[in-house]
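The structure appears right after this line, and notes come after that.
What follows is calculated from the coordinates using simple rules that are stated; it is not laboratory data. The shown structure was predicted, so the numbers you read here are calculated from the model rather than taken from an experiment. Cβ sites come from the backbone with ideal geometry, for glycine too, and all protein chains shown count toward neighbours.
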Amino acid sequence: MRLDLTGIDAEIDSRPILTDVHLSAAPGDFVALIGPNGSGKSTLLRTVYRALRPTGGVVRLDGADLWGMPARRAARHRAVLTQHSDADVDFSVTELVTTGRIPHKRLLERENETDRAIVEHCLDRVGMRWAADRLVSTLSGGERQRVLLARALAQQAPLLVLDEPTNHLDVRAQLDLLDLVRSLGLTVLAALHDLDHAAAYADHVVVLSKGRVVGHGPPLDVLTPAFIEEVFGVRAHVDVHPLTGRPHIALASLAPQAVS
């Protein structure tokens, strides 16, 4: 599915947060949305998963106005994994993932064999079938994120929106989750804090600063040391990771440090 954001403006409590934001993701692209804290990343994602209506501009999925769709139809087109989840509720893993089927059901319609097969497949895909009967609240942070991703996949939406999906995860869980997302073949729009993750996993990056796009394109074209210093206020070394062959960014503060 193709995603196009054209001229997006957004306000919160009458305060402008986003101004004239343009962004596109081709079918199957992984687009990373990056920027300093307060740059508007989460606000922009909220306009895509319909938590905040933009005050200007249009969000389109395959040319159709996302905000002009009925809510149930929109939920069949895009799924979301936010950084503030309800994963601590006392649902079993299967029960929580099954809620991802709601956009495909009529009011009060119960799940059927097709739904159960989809849920099992999604749990297999994220490596969590073993925990199907466990309470979500008993899982580790990385395991919960995989379960929430399975719920998003159960929607069978071609666009996946992720808001800081690796927050609070250990290093292995972060990489495992990003490897999994990268392997799905979906169109992905993800807000990421870690510039190295953005460079390593994204096809394109879009950089926000003070609510405006200040850079966009392939990671190695955009994330130069000079640009990183200007936007993020840190020094950077950009090269190719010797183990993965992917772009790699190492960061240091601007303060001079003695080398012993």
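Which percent, nearest 5, of DSSP beta bridges in the range 3-252 are antiparallel? All intermediate terms of the calculation are to be shown ahead of the outcome.
Values: 26 of 43 bridges.
Within the range 3-252, antiparallel bridges account for around 60 percent of the total.
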GNM flexibility winner over the chain from THR98, THR224, THR166 (Cα, springs under 10 Å): THR224
Packing rank of 146-155, 20-29, where each peptide gets the mean count of other beta carbons within 10 Å, highest leading: 146-155, 20-29
Label-point separation in nm, ALA252 to ASP4, each point 7 Å along Cα→Cβ: 4.5
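According to the square roots a ≥ b ≥ c of the eigenvalues of the Cα gyration tensor, what is the shape class of the range 141-260, taking rounded for a/c under 1.5, prolate for a/b larger than b/c otherwise, and oblate for the remainder?
Since a/c reaches 1.5 and a/b is larger than b/c, the shape of the range 141-260 is classed as prolate.
Please state, as a whole number in µm²/s, the translational diffusion coefficient that the Stokes-Einstein equation yields for the range 47-182 at 20 °C and 1.002 mPa s, with Rh defined as the Kirkwood radius across alpha carbon pairs. It would help to have the intermediate numbers written out before the result.
Values: Rh = 15.6 Å.
Here the translational diffusion coefficient equals 137 µm²/s.
Mind listing which trypsin sites (Lys or Arg not before Pro) in the range 19-69 are in a DSSP loop and have 13 or fewer other Cβ atoms within 10 Å? Can you show the working numbers first?
On the way: sites: LYS41, ARG46, ARG50, ARG60; in loops: ARG50.
Sites meeting the loop and neighbour criteria: none at all.
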Within a Gaussian network of the chain (alpha carbon springs, distance under 10 Å), most fluctuating of VAL48, VAL126, VAL80: VAL126
q = 0.14, 0.20, 0.28 Å⁻¹: log10 I(q)/I(0) that the Debye formula gives for the range 129-188, counting C-alpha atoms only: -0.39, -0.80, -1.33
Overall Cα dimensions of the range 192-260, principal axis frame, Å, largest first: 39, 32, 18
Positive dipole terminus of the range 97-241, leading residue within PHE232, THR99, ALA190 (C-beta point charges): THR99
ILE102/ARG15 FRET efficiency (R0 35 Å; Cβ-Cβ; nearest 0.05): 0.55
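Between LYS210 and GLU111, what length comes free when the chain is fully extended (0.36 nm per residue of separation minus the Cα-Cα distance, one decimal in nm)?
Difference between extended and current length: 31.2 nm.
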Equivalent-ellipsoid semi-axes of the chain, from the Cα gyration tensor, Å, largest first: 32, 24, 16
For the range 52-132, alpha-carbon Rg relative to the globular expectation (2.2 N^0.38 Å, N residues): 1.31
Per-q log10 I(q)/I(0), the range 1-110, q = 0.13, 0.15, 0.17, 0.22 Å⁻¹ (Debye; single scatterer per alpha-carbon; no solvent): -0.59, -0.76, -0.94, -1.29
